[in-house]
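These notes are about the structure you will find just below.
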Amino acid sequence: MVFNGRQLRSTIDSSGKLSLSLEQVEIGDPDDDELIVRIEATPINPSDIGLLLGPADISTMEMAGSADYPKLIFSVPESRFASVGGRIGQSLPVGNEGAGIVVAAGKNVASLLGKRVGMFGGAMYADYRKIHAADVSELPEGISAADGASMFINPLTALGFLETARSRGHTAIVHTPGASNLGQMLQRLCLAEGVPLVSVVRSEEQVSILRDIGATWALNADATNFTADLANAVAETGATIAFDAVGGGSMGGDILGAMERAAVGSMQAYNRYGSDTFKELCLYGNLDPSPTILNRGGFGFEWNVSGWLLFPFLRRTDPAIVKRLRQRVTDELTTTFASAYTRTIGLAEALEPSVLRAYERKATGEKFLINPGIA
């Protein structure tokens, strides 16, 4: 049986033009361990936007195509072109995760036919997805596609943060931006696990969101007393690792500085090299593409700054641990790892200029869900 459907693709050509388009694709029969899933829901995550739009200048957007098969074209500034040399001329499917109904199944996984599953592995902004059964999880009875669409990236990232912190000897965490869907999951998870969490946000409204969940340390970075509040929160919690999705600017360095001040405050004797408390800053996003500013004079010499991404973490982690983490997500999908969406859009609607500008902002607290079944 052949399934025909649309798939959203992103392409950068050699002239420096990035195009987003809906393409007609044909999906053939699944292999023995494969499934074909009719996609019912797939979220727009910041990581998806990174592939979707890459380094394009949004202000250069031009419309093309038709109503059923729209196309948007952007210019990539010359200064950013070198960073995408590896993808020139490639038509790349977009969308990290999603959920839907299994409409065809290989002989080894025939029991999943007709079941609703969550899945990850790319190419989810589409009507159908052929996928290996190892990359799906059957959703419990009564769980909707919207509930299951975001069961991988954010939940496993939150669990990955906790696993990473514990494996490196840290007992408390700083996270920014704290009021995102991921931030709220991490807050609920840390409360359940008894791990102190300092969440950094950008408004008093976001502070209230976290307070309602049960947060003790939710700090508004735009408040006049933020620097002192951050130092106090780090001292109270003993946080020595931070996970930062913003990337650019001085926030990461400010957090390391607060950790150092807390450590120095408990030292018995002066050391010209600073404290011997090891501090870590893990950058897991690029919401602010400007340079990361580190005032190295503010946090001694016992520190590290590194990148953190979910899929390398999963590759490095014992498969038994990954299995345990995935099972926990399934068990707590509508509680600890519940996702909230501000808007559901159709597949073609994702290429409407006003809609694209809205989700491209990557605003904290705003999360879009694509339902390909919407016309």
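The values are calculated or read from the model by the stated rules, or taken from the named source; none is laboratory data. Just so it is clear, the structure is predicted and the values come from calculations on it, not from any experiment. Cβ coordinates were reconstructed from backbone atoms using ideal geometry, including for glycine residues, and neighbour counts include every protein chain displayed. We work out accessible area using only protein heavy atoms, side chains counted, and drop any ligands, DNA or RNA first. Shrake-Rupley method; radii C 1.70, N 1.55, O 1.52, S 1.80 Å.
At a glance:
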quantity	calculated
Members of segment 185-203 that are in a helix (DSSP H, G or I) and either hydrophobic (A, V, I, L, M, F, W, C) or at pLDDT below 95 (or both)	M185, L186, L189, C190, L191, A192
Residue match in segment 243-256 (condition: farther than 30 Å from V117 by Cα, among the acidic types (D, E) and buried (at least 19 other Cβ atoms within 10 Å of the Cβ))	yes
Residue within segment 305-315 that is farther than 19 Å from E97 by Cα, without any contact (Cβ under 8 Å) to a residue 24 or more places away in the chain, basic (K, R) and surrounded by fewer than 15 Cβ atoms within 10 Å (Cβ to Cβ) present	no
Count of segment 303-336 residues which are in contact with a Leu (Cβ under 8 Å, 6 or more places away or on another chain), hydrophobic (A, V, I, L, M, F, W, C) and within 27 Å of S144 (Cα to Cα)	6
Total residues in segment 1-23, condition open to solvent by 20 Å² or more (accessible area, probe 1.4 Å) and either assigned to a loop (DSSP other than H, G, I, E, B) or over 21 Å from G122 (Cβ atoms) (or both)	6
Residues located in segment 345-375, provided they are assigned to a loop (DSSP other than H, G, I, E, B), among the charged types (D, E, K, R) and open to solvent by 20 Å² or more (accessible area, probe 1.4 Å)	E352, R361, K362, E366
Complete set of residues in segment 241-273 that are among the basic types (K, R) and within 35 Å of the chain's Cα centre (by Cα)	R261
Residue under evaluation L92, criteria (1) under 29 Å from L182 (Cβ atoms); (2) touching a Phe, Trp or Tyr at 6+ places or on another chain (Cβ under 8 Å), criterion not met	(2)
In segment 102-115, the residues that are part of a loop (DSSP other than H, G, I, E, B) and on the phi < 0 side of the Ramachandran plot	G106, L113, K115
Filtered residues of segment 43-78 (kept if open to solvent by less than 30 Å² (accessible area, probe 1.4 Å), under 24 Å from G148 (Cα atoms) and out of contact with any Lys or Arg (no Cβ under 9 Å at 6 or more places or on another chain))	D48, L52
Criterion (in a loop (DSSP other than H, G, I, E, B) and closer than 30 Å to T227 by Cβ) met by exactly one of T171, T164, T157	T171
Which numbered condition W303 misses (of (1) in contact with a helix residue (DSSP H, G or I) (Cβ under 9 Å, 6 or more places away or on another chain); (2) modelled with pLDDT under 95)	(2)
Residue in segment 347-365 that is at positive phi, modelled with pLDDT under 95 and in contact with a helix residue (DSSP H, G or I) (Cβ under 6 Å, 6 or more places away or on another chain) present	yes
Any chance P30 is out of contact with any Phe, Trp or Tyr (no Cβ under 6 Å at 6 or more places or on another chain), more than 18 Å from L369 (Cα to Cα) and not acidic (D, E)	yes
Failed item in (1) more than 23 Å from G54 (Cα to Cα); (2) open to solvent by 50 Å² or more (accessible area, probe 1.4 Å), with G300 passing the rest	(2)
Residue check for S144: in contact with a strand residue (DSSP E or B) (Cβ under 9 Å, 6 or more places away or on another chain), modelled with pLDDT of 95 or more and polar (S, T, N, Q)	yes
Subset of segment 132-174 (residues that are farther than 18 Å from K323 by Cβ, over 15 Å from the mean Cα position of the chain (by Cα) and buried (at least 19 other Cβ atoms within 10 Å of the Cβ))	A145, D147, A165, H170, A172, I173, V174
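Conditions tested, residue by residue: (1) within 23 Å of the chain's Cα centre (by Cα); (2) touching a residue at least 24 places away in the same chain (Cβ under 8 Å); (3) in a loop (DSSP other than H, G, I, E, B).
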site: D48; (1), (2), (3): yes, yes, no
site: L51; (1), (2), (3): yes, yes, no
site: L72; (1), (2), (3): no, yes, no
site: G95; (1), (2), (3): yes, yes, yes
site: G100; (1), (2), (3): yes, yes, no
site: V117; (1), (2), (3): yes, yes, no
